[in-house]
Amino acid sequence: MRRTLRIVAALTGVAALLLVGVGYSLQKFMEAVIPLTAPVTLVISKGSGLSGISKDLRVADVVASPLFFRLGAMMAGKTKLLKAGEYAFQPGMTHQSVMDKMVLGDVVVHQFTLVEGRTVRQVQDELRFEKALEGDVGPLLPEGSLLPETYNFILGEARSQMIQRMRRSMETALAEAWAGRAEGLTLASPHELLILASIIERETGLAAERPHVSAVFHNRLKKGMRLQSDPTVIYALSDGLGVLERPLSRADLERPTPFNTYVINRLPPEPIANPGRASLQAAAHPLNSDDLYFVADGTGGHAFAPTLEAHNRNVANWRRIEKER
């Protein structure tokens, strides 16, 4: 009996030493820097399991030993906590930081920037070519219904979901602009504010000019003058694309379309682009100005004028600049 007890004690001691040794080795492994020598992005599929995950990490040189990584996860009680997704791993990370990243689900975040002034057709076409998104973009949406901003998303998000986020953002921004609008505007509804903001967006790329451009259009609407905005003509001629590969002709300006503000005495029936927040606010808060005209000034901005006589001088100056160029 004493001999048996001594053998059991010896075996127990050996087992304890082995456990200590394994534990120490695992700790050193988890603290060790991974073998990766260059940044890598790895997609871990759903349902891979700990074994599949560790093998994928080893193939990508993210971990030195699949077995030790699995043992480390088991010892830490994180076997079922590793999340699927797209991960970016960097040289210099430790095996522990790799595991922590996957437990947190710290996946790659992609970005899609909807540029101010893009039409709905342009945006939906751009989303179709965004490879990290999935699914169809759906039917053509109403013009001006998407808010230009930078949107974050992760691999596999649905295109339709992205579009709905853009729509909700525009609804919120438009409601805020309408609720805070200046008094005495001639605009009858948030929809009319959206239409005017889209025209302002396409008329100037300078943020500082937008309230001034807005003032010109508000003044014209009050006087019953036609807006005479080239982008509205281009929108109709380009079938909603907003881009024309040639200069406008006199015949274009005289062509009767619902969007041609050289012909109609009001706002177009719908927006001509997706305006950003700054243009929405400009439409809601025009500059205090008597100006009724503006034309390019050769510096990327515009020259404004309250009378046709002054405007004609600005036009002559612009034509001189064009000729010199």
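Working carefully through the options P271, P258, find the one that is touching a residue at least 40 places away in the same chain (Cβ under 8 Å), closer than 30 Å to E126 by Cα and touching a helix residue (DSSP H, G or I) at 6+ places or on another chain (Cβ under 8 Å). Step by step, each of P271, P258 is checked, and only P271 is touching a residue at least 40 places away in the same chain (Cβ under 8 Å), closer than 30 Å to E126 by Cα and touching a helix residue (DSSP H, G or I) at 6+ places or on another chain (Cβ under 8 Å).
Report yes if L194 is crowded, with 23+ Cβ neighbours inside 10 Å and either part of a helix (DSSP H, G or I) or out of contact with any Asp or Glu (no Cβ under 9 Å at 6 or more places or on another chain) (or both), otherwise no. Full working, then the answer.
On the way: crowded, with 23+ Cβ neighbours inside 10 Å: yes; either part of a helix (DSSP H, G or I) or out of contact with any Asp or Glu (no Cβ under 9 Å at 6 or more places or on another chain) (or both): yes.
Judged against the criteria, L194 is a match.
Across the range 143-177, the qualifying residues are those that are of a type in the set (A, V, I, L, M, F, W, C) and touching a residue at least 60 places away in the same chain (Cβ under 8 Å), and the one among them that is surrounded by the fewest Cβ atoms within 10 Å (Cβ to Cβ) is I154.
Could you please find all residues in the range 20-74 being in a loop (DSSP other than H, G, I, E, B) and among the aliphatic types (A, V, I, L, M)? Please lay out each step first, then the result.
Here is the first cut: in the range 20-74, the residues in a loop (DSSP other than H, G, I, E, B) are 32, 34-39, 45-48, 60-65.
If the condition is that a residue be in a loop (DSSP other than H, G, I, E, B) and among the aliphatic types (A, V, I, L, M), then A32, I34, L36, A38, A60, V62, V63, A64 are the ones that fit.
Restricting attention to the range 197-217, the residues being surrounded by fewer than 21 Cβ atoms within 10 Å (Cβ to Cβ) and either over 28 Å from the mean Cα position of the chain (by Cα) or without any contact (Cβ under 8 Å) to a residue 60 or more places away in the chain (or both) number 1.
What residue, of V98, V137, V120, is touching a residue at least 24 places away in the same chain (Cβ under 8 Å), under 26 Å from L196 (Cα atoms) and not assigned by TED's automatic domain parsing to the domain that holds I200? Spell out how you get there, then give the answer.
Working: V98 fails: under 26 Å from L196 (Cα atoms); V137 fails: under 26 Å from L196 (Cα atoms).
Of the residues listed, the single one that is touching a residue at least 24 places away in the same chain (Cβ under 8 Å), under 26 Å from L196 (Cα atoms) and not assigned by TED's automatic domain parsing to the domain that holds I200 is V120.
With respect to the stated conditions, K83 fails to be at negative phi, assigned to a helix (DSSP H, G or I) and surrounded by 12 or more Cβ atoms within 10 Å (Cβ to Cβ).
Mind counting the residues in the range 94-105 that are assigned to a loop (DSSP other than H, G, I, E, B) and touching a helix residue (DSSP H, G or I) at 6+ places or on another chain (Cβ under 8 Å)?
Restricting attention to the range 94-105, the residues satisfying the condition of being assigned to a loop (DSSP other than H, G, I, E, B) are 105.
Remaining after also requiring touching a helix residue (DSSP H, G or I) at 6+ places or on another chain (Cβ under 8 Å): none.
Matching residues across the range 94-105 total 0.
Could you grab me the full set of residues in the range 120-145 that are under 24 Å from E270 (Cα atoms) and touching a Leu at 6+ places or on another chain (Cβ under 6 Å)? Scanning the range 120-145 gives V120, R121, V123, V137, G144.
For E130, are the conditions met, namely being of a type in the set (D, E) and in a helix (DSSP H, G or I)? No: the conditions fail for E130.
One residue stands out in the range 86-113 among those that are hydroxyl-bearing (S, T, Y) and within 25 Å of the chain's Cα centre (by Cα): the one that is surrounded by the fewest Cβ atoms within 10 Å (Cβ to Cβ), namely T113.
Inside the range 202-240, residues that are within 15 Å of N260 (Cα to Cα), of a type outside the set (K, R) and touching a helix residue (DSSP H, G or I) at 6+ places or on another chain (Cβ under 7 Å) make up a count of 9.
All but one of (1) among the aliphatic types (A, V, I, L, M); (2) modelled with pLDDT of 95 or more; (3) surrounded by fewer than 19 Cβ atoms within 10 Å (Cβ to Cβ) hold for L140; which doesn't? Unmet condition: (2). Return yes or no: is G77 outside any strand (DSSP E or B) and surrounded by fewer than 16 Cβ atoms within 10 Å (Cβ to Cβ)? Yes, satisfied.
How many residues does the range 70-87 hold that are of a type in the set (F, W, Y) and either without any contact (Cβ under 8 Å) to a residue 40 or more places away in the chain or over 30 Å from E157 (Cβ atoms) (or both)?
Here is the first cut: in the range 70-87, the residues of a type in the set (F, W, Y) are 87.
Then keep just the ones that are either without any contact (Cβ under 8 Å) to a residue 40 or more places away in the chain or over 30 Å from E157 (Cβ atoms) (or both); that gives none.
Matching residues across the range 70-87 total 0.
The values are calculated or read from the model by the stated rules, or taken from the named source; none is laboratory data. Computed from a prediction, not measured in an experiment: that's the story for all the values here. Cβ: placed from backbone, ideal geometry, glycine included. Neighbour counts: every protein chain shown.
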